[in-house]
Amino acid sequence: MSDFREEDIQAFLDQQLQLFPEPVAETLEEAEEFLEDCMAVLCKNEKEVKQYLDEVGVDIYGMSMEEILDQPEVFALPNNRYMILEA
């Protein structure tokens, strides 16, 4: 069982084309499996997004928070949370 809420999975389904040229999932079940397979990371807030990207070596030096959150691998979730995918 994953830590993803149904609303997180639905948000990914709705936004998946920001990162992928075509849909990678069509149902909640397919999307959850995909997110588990690619080890998507959930972040509680913007600060955690920046911290995670910095820790994994993404060059975010000099980027504004808006620019960081606009990266295609960063998905906005309900309640000001975020999901990061490493595609």
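Would you confirm whether any residue within region 23-36 is part of a loop (DSSP other than H, G, I, E, B) and either in contact with a Ser or Thr (Cβ under 7 Å, 6 or more places away or on another chain) or in contact (Cβ under 8 Å) with a residue 40 or more places away in the chain (or both)?
No, that holds for no residue.
In the set V24, V41, only one residue is modelled with pLDDT of 95 or more and either farther than 12 Å from I84 by Cα or acidic (D, E) (or both); that residue is V24. The lone criterion from (1) in a helix (DSSP H, G or I); (2) open to solvent by 50 Å² or more (accessible area, probe 1.4 Å); (3) touching a residue at least 12 places away in the same chain (Cβ under 8 Å) left unmet by E67 is number (3).
The values are calculated or read from the model by the stated rules, or taken from the named source; none is laboratory data. Values in this document were obtained by computation on a predicted structure and should not be read as measured data. Counting neighbours? That spans all protein chains shown, and the Cβs are built from the backbone with ideal geometry, glycine included. Ligands, DNA and RNA are excluded from the accessible area calculation, which covers all protein heavy atoms including side chains. Shrake-Rupley method; radii C 1.70, N 1.55, O 1.52, S 1.80 Å.
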